[in-house]
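For reference, the structure discussed in these notes is given below.
The values are calculated or read from the model by the stated rules, or taken from the named source; none is laboratory data. Treat the numbers as computed from the prediction; the structure is a model and nothing was measured. Every residue, glycine as well, gets a Cβ built from its backbone with ideal geometry; the counts of neighbours run over all protein chains shown. The protein model used for the area step is the full one, side chains on, heavy atoms only, and it has no ligands, DNA or RNA in it. Shrake-Rupley method; radii C 1.70, N 1.55, O 1.52, S 1.80 Å.
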Amino acid sequence: MTSRVPAFKVRATARVADRAMHLALWLIALTFVAVLIGFVGGILKEGWSELNLGFLTRMPEALDAGGGIKPELFNSLYLVALSLALAMPIGLGAGIYMAEYAGQGRALRFFRLCVETLAATPSIVLALFGMILLVQMLGWSFSIRSGAVTLALLNIPVITRVTEESLRGVPRELLEASYGLGATKLQTILKVALPYAATGILTGVVLTAGRAFGESAILVFTAGTNVSQHFPDFRLSVPGETLSVHLWYVTSDGTLPDATQIAAGTAAVMILVLLALNLLVRLLDRAIRRRTR
Amino acid sequence: MAEPMPDLPETTLDAPLLPDGLARIATQGTPCPTPVFRQSHLHRLADRWTHLLFLACTLLVVLLIGGILYFLAARGAGAFFPLAGNTDKVVTFREVFLSTNWDPGDGHFGIVPFIAGTLAVTGLALLVAAPTGVLTGVFIAKVAPPWMRNVMRQVMDLLVGIPSVVYGIFGLTIILPMVGHAWLADAPAAGFAVSAAILAVMIVPTVVSLSTDAFESLPSSLDEGSQALGSTRWQAIWRVLIPAARPRLLTATVLGLGRAIGEAMAVQMVIGNNPQWMLLMRQATDQTPVLRFLFTPAATLTTELVQELPNTASGSTWNNVLFAMGLLLYLMTMLLILATRRLGRQEHA
Amino acid sequence: MLSPQTPETKPVKLSVRNLDFRYGEKKVLDGLSMDIHAERVTAIIGPSGCGKSTFLKCFNRIHEVSSAVQVSGQMAMDGVDIYRGGIDQVDLRRRVGMVFQKPNPFPKSIYENVAFGPRLFGVRDRATLDGLVEDALRKSALWDEVKDRLKESATGMSGGQQQRLCIARALAVNPEVLLMDEPCSALDPIATAKIEDLIGELKENLTIVIVTHNMQQAARVSDYTAFFWLGKLIEMDLTERIFTTPRERMTEDYITGRFG
């Protein structure tokens, strides 16, 4: 049997392409690293001189220079907490249902489609919805409560998804052990599955908090661009401008003489908060990995 | 491997198989005081009914999708039909969806400039983000050493966590002046180019993380099979891995597109907010068409909503048209989600 | 099959001297030396975890694709050390083909799977490709089964067909050596028999090294057999001698099923 197959040679072009693409992949990756460093560095550099206790603890000014961000910082944290408090039970409930009760059929696929759709809904669209329903129809006007409820809509799908995924990651043997002892399904979910999934869910919640903290489009149209004159003001009916909204508002409004500096300082504060949250996520992640190892 | 069983003491059938000490007690006739456990009535009831509570949470999500659609449609429809609560004149679909003339003060509500603006800016962003995102995915999954893999994961986590207003302020205060200084004789550089660049950085983490997953889920036997035939690593990636991961890579791109279309604040801060950009582009002659396109202040569906919604009276035609634009945006993202479903099915087929 | 009475006429194709293989801290192969003759089938047997698959993968350096490994000692093909600096791994793998434990056809058509290799090396002409594909499929005894459905997806074939397709895919680039890593472990007896017949035909102009956990298979298909244990080569000889009069006690114990 003679072979008709020629003796192949690896082509020079293939070798060159391989080298070139190897280099290109590294370059692209390093570009993103550089973009991030340039970005975070740039924001921190611009805002560094503004970062002092006075800036964090003064009330904002409407027309003059020298305003602080005390109420905005408070509102940001307050709104994140409220929106999470609203979204957590719903997201957990929906996540539990989808992971443990919805089966594998059509219903589950439909619910997943809905969660995905809500997660992909642009925040400006959620803002419009909140504005029509809460601000106008219910007459809540631009307020903390309008903002918190609308912001919760942003959080719900994320928490639902992370709950479902975390619950699906619970080892089957663990659940079977619980059922084997005669526990009901509810007991098994609450006492075995949820505690096991808790770290994963918590990671998702912290990520959600970060997203809610940075959200602005929703809050411009629901929580407004003003702050209460009292501090701290826990009332739900007062307007609640957050850091991110403040950042946007001072730059686009343009009445403050030191708008640029205030924006730079606010951006730096936001970046620092988010870096801290990121660190928290990393710690949680490490906790999860240690357990699964 | 199972441990070898230790030798058991001889037991008769009716003697309970218990550890030594207990067995003796049991055979001596002292009954073991083990109570009979039963689930309390309360637990059984709770077990039977709580799933309805969980179901209610799920149905709320479904309801929200419908609710958003309903309210946006109800308000958007006011622009075209004389509905209750509509205080202003109505316009035709033709005037809105086919006209490039946006001059609300004069009664012209053509939203083509915004649709075109959205398509242009997201298209440009995707042109950058899709290839670089997929290649970064390959890099993380198949090329990078473990330490670099971790670095890239963290970089992407941080990039996705940066709020859009912070991207916006960065573009506004650092990039716009820089680009204007470099290419436009210090004229402002607002427009599609800078907006798309920022948008690209914002959506790249989505594309990267989903394409990394796509490449990691491919069996390593494909990679090895190709290289065992004498392919270079790049040939294996280009001819085997990318085609094999194609449906999921497309899904990653579509989801990135969805994020780009919906992004409002960052784009609004750097695009220049000029609804008449199409007109301006046609009239201006001072630059090449490409430069003009990239650096003419423009507007998109989202930026116009952010810009104008606070300034319009509820119930006016202008306001209603803005809600119709919001509805359009919502329908576009829904369509994209349905597209990812299609792609998912294609993968399993 | 080669018998102890006839002298070896074929030249040495692959020679291994004092090969050590480390994976991180772990030493997987320890001081291996052997010669593999051209156009013979050499079987490598031993209990799982003895390093036989790792050894096979040293011949085309495929393990370097996915992990960092350390190899020391010598491994030569036609007298040239394949671990010497300046050796092109890609070209090496073109010359040393491999069939994996689990069939791994690409998610492409049957035709495209076989044409994949030639295309890599710049063959674009349709007629040439058609010829190469048919040739490779005939050599792997698959042509008659698939000639009418070359455009269909390879992933829809049976496991045995997939494995023969992978053999055809490897043959299409005209390798000098074919490495087979337990090629039948995922197949039923009928498919296994077909592959074994194929091995007998292919050795006419190929050097074949096959790792197998199945001693009957080694006895059926190979001219030489090497017995590995814990990363060491215990004994290598003509297959007939290994299975009738092994020198080492350990080899005899393993072959007669006393351990492993």
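Tell me, please, whether a residue that is in a helix (DSSP H, G or I), farther than 30 Å from C:LEU132 by Cα and either without any contact (Cβ under 8 Å) to a residue 60 or more places away in the chain or more than 14 Å from chain B (Cβ to nearest Cβ) (or both) can be found in the stretch A:59-72.
Within the stretch A:59-72, the first condition is being in a helix (DSSP H, G or I), and the residues that meet it are A:70-72.
Then keep just the ones that are farther than 30 Å from C:LEU132 by Cα; that gives A:70-72.
Next cut, either without any contact (Cβ under 8 Å) to a residue 60 or more places away in the chain or more than 14 Å from chain B (Cβ to nearest Cβ) (or both) only: A:70-71.
There is at least one residue in the stretch A:59-72 that is in a helix (DSSP H, G or I), farther than 30 Å from C:LEU132 by Cα and either without any contact (Cβ under 8 Å) to a residue 60 or more places away in the chain or more than 14 Å from chain B (Cβ to nearest Cβ) (or both).
Among the residues of the stretch B:288-331, count how many are facing chain A (nearest Cβ under 9 Å) and at pLDDT 85 or above. Even if it seems obvious, please write down each step before you answer.
As a first pass, look at the stretch B:288-331 and keep what is facing chain A (nearest Cβ under 9 Å): B:301-302, B:305-307, B:309-310, B:314, B:322-323, B:326-327, B:329-330.
From what's left, at pLDDT 85 or above: B:301-302, B:305-307, B:309-310, B:322-323, B:326-327, B:329-330.
Residues that pass the stated criteria total 13.
Can you tell me which residue is surrounded by the most Cβ atoms within 10 Å (Cβ to Cβ) among those in the stretch A:256-293 that are touching a residue at least 60 places away in the same chain (Cβ under 8 Å) and not in a helix (DSSP H, G or I)?
Ranking the qualifying residues of the stretch A:256-293, first place goes to A:LEU256.
Pick out the one residue from A:ALA81, A:ALA29 that is open to solvent by 40 Å² or more (accessible area, probe 1.4 Å) and either in a helix (DSSP H, G or I) or more than 14 Å from chain B (Cβ to nearest Cβ) (or both).
None of the other options fit; the residue is A:ALA81.
Just the residues that are more than 9 Å from chain A (Cβ to nearest Cβ) and in contact with a helix residue (DSSP H, G or I) (Cβ under 7 Å, 6 or more places away or on another chain), please, taken from the stretch B:333-349. So that I can check it myself, show each step before the final result.
From the stretch B:333-349, those more than 9 Å from chain A (Cβ to nearest Cβ) are B:335, B:339, B:342-349; that's our starting set.
Across the stretch B:333-349, the qualifying residues are B:ALA339, B:LEU343, B:GLY344, B:GLN346, B:GLU347.
Just for the stretch A:32-52: of the residues that are among the charged types (D, E, K, R) and more than 8 Å from chain B (Cβ to nearest Cβ), which one is surrounded by the fewest Cβ atoms within 10 Å (Cβ to Cβ)?
Step one: of the stretch A:32-52, the residues among the charged types (D, E, K, R) are A:45-46, A:50.
Remaining after also requiring more than 8 Å from chain B (Cβ to nearest Cβ): A:45, A:50.
Numbers: A:LYS45: 13, A:GLU50: 22.
Applying the filter and picking the extreme gives A:LYS45.
Residue by residue, here is whether (1) of a type in the set (Gly, Ala, Ser); (2) in contact with a helix residue (DSSP H, G or I) (Cβ under 8 Å, 6 or more places away or on another chain); (3) more than 10 Å from chain A (Cβ to nearest Cβ); (4) in a helix (DSSP H, G or I) holds:
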site	(1), (2), (3), (4)
B:ARG44	no, no, no, yes
B:LEU60	no, yes, no, yes
B:GLY67	yes, yes, no, yes
B:PHE80	no, yes, yes, no
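List the number of the failed condition for C:ILE210; all other conditions in (1) at pLDDT below 95; (2) of a type outside the set (Lys, Arg); (3) assigned to a strand (DSSP E or B) hold.
(1)
For the stretch B:219-233, does any single residue satisfy the condition of being open to solvent by less than 40 Å² (accessible area, probe 1.4 Å), within 26 Å of the chain's Cα centre (by Cα) and of a type in the set (A, V, I, L, M)? Give the steps one after another, and end with the answer.
First, the residues of the stretch B:219-233 that are open to solvent by less than 40 Å² (accessible area, probe 1.4 Å): B:221-232.
So of that shortlist, the ones also within 26 Å of the chain's Cα centre (by Cα) come out as none.
The answer is no, given that none of the residues of the stretch B:219-233 is open to solvent by less than 40 Å² (accessible area, probe 1.4 Å), within 26 Å of the chain's Cα centre (by Cα) and of a type in the set (A, V, I, L, M).
Could you check C:ARG164 against (1) part of a loop (DSSP other than H, G, I, E, B); (2) open to solvent by less than 50 Å² (accessible area, probe 1.4 Å); (3) among the charged types (D, E, K, R) and say which number it fails?
With respect to (1) part of a loop (DSSP other than H, G, I, E, B); (2) open to solvent by less than 50 Å² (accessible area, probe 1.4 Å); (3) among the charged types (D, E, K, R), C:ARG164 is out only on (1).
Condition test on B:ARG75, is it of a type in the set (D, E, K, R), at the interface with chain A (Cβ under 9 Å from one of its Cβ atoms) and either within 15 Å of B:ASN320 (Cα to Cα) or open to solvent by less than 30 Å² (accessible area, probe 1.4 Å) (or both)? Explain how you work it out, then say what you get.
Working: of a type in the set (D, E, K, R): yes; at the interface with chain A (Cβ under 9 Å from one of its Cβ atoms): yes; either within 15 Å of B:ASN320 (Cα to Cα) or open to solvent by less than 30 Å² (accessible area, probe 1.4 Å) (or both): yes.
Taking the combined requirement at face value, the residue satisfies it.
Residues that are within 11 Å of chain A (Cβ to nearest Cβ) and open to solvent by 10 Å² or more (accessible area, probe 1.4 Å), at least 2 per element: which helices (runs of 4 or more DSSP H) completely within the stretch B:138-209 meet that?
Working: elements: B:146-161, B:164-170, B:176-183.
Of the helices (runs of 4 or more DSSP H) lying wholly inside the stretch B:138-209, those with at least 2 residues that are within 11 Å of chain A (Cβ to nearest Cβ) and open to solvent by 10 Å² or more (accessible area, probe 1.4 Å) span B:146-161, B:164-170.
Go through (1) open to solvent by 60 Å² or more (accessible area, probe 1.4 Å); (2) charged (D, E, K, R); (3) closer than 21 Å to B:VAL166 by Cβ one by one and return the number of the condition A:LYS70 breaks.
(1)
Hey, can you tell me all the residues within the stretch C:192-250 that are touching a Gly at 6+ places or on another chain (Cβ under 8 Å) and of a type in the set (D, E, K, R)?
Correct list: C:LYS194, C:LYS232.
Return yes when C:LYS10 is open to solvent by 40 Å² or more (accessible area, probe 1.4 Å), part of a loop (DSSP other than H, G, I, E, B) and charged (D, E, K, R) and no when it is not. Write out each step before concluding.
Details: open to solvent by 40 Å² or more (accessible area, probe 1.4 Å): yes; part of a loop (DSSP other than H, G, I, E, B): yes; charged (D, E, K, R): yes.
Considered against the rule, which asks whether it is open to solvent by 40 Å² or more (accessible area, probe 1.4 Å), part of a loop (DSSP other than H, G, I, E, B) and charged (D, E, K, R), C:LYS10 comes out as yes.
Looking at the stretch B:285-314, which of its residues are surrounded by fewer than 22 Cβ atoms within 10 Å (Cβ to Cβ) and within 25 Å of A:PHE142 (Cα to Cα)?
B:GLN307, B:GLU308, B:LEU309, B:PRO310, B:ASN311, B:THR312, B:ALA313, B:SER314
Name every residue in the stretch A:32-58 that is charged (D, E, K, R) and either in a helix (DSSP H, G or I) or without any contact (Cβ under 8 Å) to a residue 40 or more places away in the chain (or both), in order of residue number.
Let us first name the residues in the stretch A:32-58 that are charged (D, E, K, R), namely A:45-46, A:50, A:58.
Residues satisfying the conditions are A:LYS45, A:GLU46, A:ARG58.
Inside the stretch C:138-149, can you point out the residues that are open to solvent by 30 Å² or more (accessible area, probe 1.4 Å), touching a residue at least 24 places away in the same chain (Cβ under 8 Å) and of a type in the set (A, V, I, L, M, F, W, C)?
The one that is open to solvent by 30 Å² or more (accessible area, probe 1.4 Å), touching a residue at least 24 places away in the same chain (Cβ under 8 Å) and of a type in the set (A, V, I, L, M, F, W, C): C:ALA141.
Just the residues that are open to solvent by 30 Å² or more (accessible area, probe 1.4 Å) and in contact (Cβ under 8 Å) with a residue 12 or more places away in the chain, please, taken from the stretch C:210-223. Steps first, answer last, please.
Within the stretch C:210-223, the first condition is being open to solvent by 30 Å² or more (accessible area, probe 1.4 Å), and the residues that meet it are C:213-216, C:219-220.
Within the stretch C:210-223, C:HIS213, C:ASN214, C:MET215, C:ALA219, C:ARG220 meet the criteria.
Output the residue which, of all residues in the stretch C:83-110 that are farther than 29 Å from C:SER15 by Cα and open to solvent by 10 Å² or more (accessible area, probe 1.4 Å), is farthest from the other protein chains (Cβ to nearest Cβ). If you could, list the steps in order and put the result at the bottom.
We begin by selecting, within the stretch C:83-110, every residue farther than 29 Å from C:SER15 by Cα; these are C:105-110.
Now restrict to residues that are open to solvent by 10 Å² or more (accessible area, probe 1.4 Å): C:105, C:107-109.
Working: C:PRO105: 8, C:PRO107: 5, C:LYS108: 7, C:SER109: 12 Å.
By that ranking, first place goes to C:SER109.
Quick grid of which residues meet (1) open to solvent by 10 Å² or more (accessible area, probe 1.4 Å); (2) of a type in the set (Asp, Glu):
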residue: C:SER15; (1), (2): yes, no
residue: C:ASP20; (1), (2): yes, yes
residue: C:ASP30; (1), (2): yes, yes
residue: C:SER33; (1), (2): yes, no
residue: C:ILE36; (1), (2): no, no
residue: C:GLY46; (1), (2): no, no
residue: C:ARG61; (1), (2): yes, no
residue: C:VAL65; (1), (2): yes, no
residue: C:SER72; (1), (2): yes, no
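Quick check on my filter: what residues within the stretch A:122-143 are touching a Leu at 6+ places or on another chain (Cβ under 9 Å), β-branched (Val, Ile, Thr) and modelled with pLDDT under 95?
A:ILE132 - this is the single residue of the stretch A:122-143 that is touching a Leu at 6+ places or on another chain (Cβ under 9 Å), β-branched (Val, Ile, Thr) and modelled with pLDDT under 95.
Does the stretch B:251-273 include one or more residues that are out of contact with any Lys or Arg (no Cβ under 6 Å at 6 or more places or on another chain), part of a helix (DSSP H, G or I), away from every other protein chain (no Cβ under 12 Å) and open to solvent by less than 60 Å² (accessible area, probe 1.4 Å)? Walk me through it before giving the result.
Start the filter on the stretch B:251-273 by keeping residues that are out of contact with any Lys or Arg (no Cβ under 6 Å at 6 or more places or on another chain), which leaves B:251-273.
Subsequent filtering for residues that are part of a helix (DSSP H, G or I) retains B:251-262, B:265-270.
Checking the rest, the ones that are also away from every other protein chain (no Cβ under 12 Å) come to B:252-253.
Okay, now just the ones that are also open to solvent by less than 60 Å² (accessible area, probe 1.4 Å), so B:252-253.
Within the stretch B:251-273 (the criterion being out of contact with any Lys or Arg (no Cβ under 6 Å at 6 or more places or on another chain), part of a helix (DSSP H, G or I), away from every other protein chain (no Cβ under 12 Å) and open to solvent by less than 60 Å² (accessible area, probe 1.4 Å)), the answer is yes, since at least one residue qualifies.
Being out of contact with any helix residue (DSSP H, G or I) (no Cβ under 8 Å at 6 or more places or on another chain) and surrounded by 15 or more Cβ atoms within 10 Å (Cβ to Cβ) is the filter here; which residues of the stretch C:237-249 pass it? Break it down stepwise before answering.
Residues of the stretch C:237-249 out of contact with any helix residue (DSSP H, G or I) (no Cβ under 8 Å at 6 or more places or on another chain): C:237-238, C:240-241, C:244-245, C:247-249.
C:ASP237, C:LEU238, C:GLU240, C:ARG241 - these are the residues of the stretch C:237-249 that are out of contact with any helix residue (DSSP H, G or I) (no Cβ under 8 Å at 6 or more places or on another chain) and surrounded by 15 or more Cβ atoms within 10 Å (Cβ to Cβ).
From B:PRO82, B:PRO104, B:PRO113, which residue is surrounded by fewer than 16 Cβ atoms within 10 Å (Cβ to Cβ) and either of a type outside the set (D, E, K, R) or in contact with a Lys or Arg (Cβ under 9 Å, 6 or more places away or on another chain) (or both)? Please lay out each step first, then the result.
Working: B:PRO104 fails: surrounded by fewer than 16 Cβ atoms within 10 Å (Cβ to Cβ); B:PRO113 fails: surrounded by fewer than 16 Cβ atoms within 10 Å (Cβ to Cβ).
When all the criteria are applied, what remains is B:PRO82.
Does A:ARG235 satisfy the criteria of being more than 11 Å from chain B (Cβ to nearest Cβ), assigned to a loop (DSSP other than H, G, I, E, B), of a type in the set (Lys, Arg) and open to solvent by 20 Å² or more (accessible area, probe 1.4 Å)?
Values: more than 11 Å from chain B (Cβ to nearest Cβ): yes; assigned to a loop (DSSP other than H, G, I, E, B): yes; of a type in the set (Lys, Arg): yes; open to solvent by 20 Å² or more (accessible area, probe 1.4 Å): yes.
Answer is yes for this residue.
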